[in-house]
Amino acid sequence: PPAFDAVALRRQFPLLANEPALVYLDNAATTHKPLAVLAAERHFYEHANANVHRSAHRLAHAATEAFEGARRTVARFLGAASAAEVVFTRGATEAINLVAQSWARAHLRPGDEIVLSMLEHHANIVPWQLLAAERGLVLRVIGLAADGSLDLDAFHALLGPRTRLVAVTALSNASGVRPPLGQMIAAAQAIGARVLVDAAQAAAHDRLDVSTLGADFLVFSGHKVFGPTGIGVLWAPMAVLDSMPPWQGGGEMIERVSFAGTTFNRPPYRFEAGTPPIAQAVGLAAALDWLAGLDRAALARHEAQLLQRLEQGLAQLRQVHPIASAAGRGPVTSLTFGAVHPFDVAQFLDARDIAVRVGNHCAQPLMEALGVNGTLRISLCAYNTEADVEAVLAALSDTLELLA
Ligand code: PMP
């Protein structure tokens, strides 16, 4: 099979060209942007800038067409049945809050249960806690198996007559674990629960196809998939979106406003109050087209090979303890170093211009379950190379020798 040319791919990323010494291994926090994305946003502002859906002039039509074209691109990327199933949000966080504040607030009753997993990002925990406290909902949490994957027996045992929603990540930002979504979605739906998939991390690595996944909600953020910040997506089938009341009020989301009462627009507009992130949607569409244009199978092999080489190298280093060893993980690894603090290690790496993240990765419950108070996370993506992996391995080896 053809090899994946990450070295050539890097040339499409101005930041990487401007920072030739930088070894960027913080891709789970955010990815850099290819020229195609920068050019698309710039083209929008230079040739089609106007507000959408309103004014009766040529540019407004161009802007609306660019924005709605972006929605169609997202729908195609996700395998959605229609562009109307794509709601633009500020990011994955806002998309989850939308589901909590609209769908769950309208459909869940006191005593109803939401099943989350120990792997979740705070963005897929706190919105449910806020609503649970207000509405008397019960949160249940799938624990971990010894290899850092989810304890599936525990998951099945948690499902019951009051389970209304299972909200789970497709790929853990902290440990790289990919829960078995197909099996989990089937089990949840068999008892009448809905499933929300947090694809914030998976979007850059895995092919997402909602037509075969079978989830009821899927969310992701533009900035983690080579697109702009300030834009994200909620996807849900039209029947589900149709059953959801508005959550934010303003322009665009209404049908007719009077002081006697207001009627609301159809989805997706019902959920897009105010001027949306128009240029960001255009940039996101460019990112998804760019990603779809890569050889995705070769990209997946590339990432798996880099992770394998990284883990082989790490296994040679005394004092390095990965928090998960489960098979089939995404290109993310999170490390502790015995008595040496991850923060100190990260500072040594930064001095060599190697960018990693250190801390709890917005996954404090996971850190607590693992009995660690923080990790050093290395997260790879399409433009990382073997040289990046060798650089971080060499730097870790030197640093640990010094600090140990
Ligand atoms: N879920 C996961 C798994 C994430 O990694 C992140 C971002 N770190 C989020 C949700 C939230 O994404 P955003 O901050 O872009 O809304």
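All of the numbers you see were taken from the coordinates with simple rules; none came from a lab. Here the structure is a predicted model, which means the values were calculated and not measured. Here Cβ is always computed from backbone atoms with ideal geometry, including for glycine, and neighbour counts include all displayed protein chains.
Each row is one residue, and each column tells you yes or no for (1) surrounded by fewer than 19 Cβ atoms within 10 Å (Cβ to Cβ); (2) under 20 Å from Q312 (Cα atoms); (3) of a type in the set (S, T, N, Q).
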| site | (1), (2), (3) |
| --- | --- |
| T333 | no, yes, yes |
| D344 | yes, no, no |
| R352 | yes, no, no |
| R357 | no, no, no |
| A363 | no, no, no |
| G374 | yes, no, no |
| E401 | yes, yes, no |
*Kindly provide the set of residues from region 52-66 that are crowded, with 16+ Cβ neighbours inside 10 Å and within 28 Å of the chain's Cα centre (by Cα), ordered by number.*
V52, A63, T64, A66
*Go through (1) more than 30 Å from S334 (Cα to Cα); (2) within 15 Å of the ligand (Cβ to nearest atom); (3) part of a loop (DSSP other than H, G, I, E, B); (4) not aliphatic (A, V, I, L, M) and name the single condition F88 misses.*
(3)
*asked:* Here are the criteria: (1) within 16 Å of the ligand (Cβ to nearest atom); (2) not in a strand (DSSP E or B). Tell me which single one R105 does not satisfy.
replied: (1)
_As an exercise: evaluate V282 against (1) more than 30 Å from R377 (Cα to Cα); (2) surrounded by fewer than 13 Cβ atoms within 10 Å (Cβ to Cβ) and give the number of the one condition it does not meet._
(2)
*With (1) crowded, with 21+ Cβ neighbours inside 10 Å; (2) within 23 Å of G232 (Cβ to Cβ); (3) touching a strand residue (DSSP E or B) at 6+ places or on another chain (Cβ under 9 Å) as the list, and L25 as the residue in question, which single condition is left unmet?*
(2)
*Among the candidates F44, F88, single out the residue that is touching a residue at least 40 places away in the same chain (Cβ under 8 Å), in contact with a helix residue (DSSP H, G or I) (Cβ under 8 Å, 6 or more places away or on another chain) and farther than 30 Å from N173 by Cα.*
F44
*Check A100 against each of (1) hydrophobic (A, V, I, L, M, F, W, C); (2) closer than 18 Å to A170 by Cα; (3) within 16 Å of the ligand (Cβ to nearest atom); (4) touching a Pro at 6+ places or on another chain (Cβ under 9 Å) and name the one condition it does not meet.*
(2)
*Report, by residue number, each residue of region 115-126 that is in contact with a strand residue (DSSP E or B) (Cβ under 9 Å, 6 or more places away or on another chain) and within 16 Å of the ligand (Cβ to nearest atom).*
L116, S117, M118, L119, E120, H121, A123, N124, I125
*asked:* Just to verify a result, which residue in region 196-226, among those that are crowded, with 24+ Cβ neighbours inside 10 Å and among the charged types (D, E, K, R), is farthest from R10 (Cα to Cα)?
replied: D198
*asked:* Here's a check for you: in region 343-391, which residue that is assigned to a helix (DSSP H, G or I) and in contact with a strand residue (DSSP E or B) (Cβ under 7 Å, 6 or more places away or on another chain) is farthest from the ligand (Cβ to nearest atom)?
replied: A391
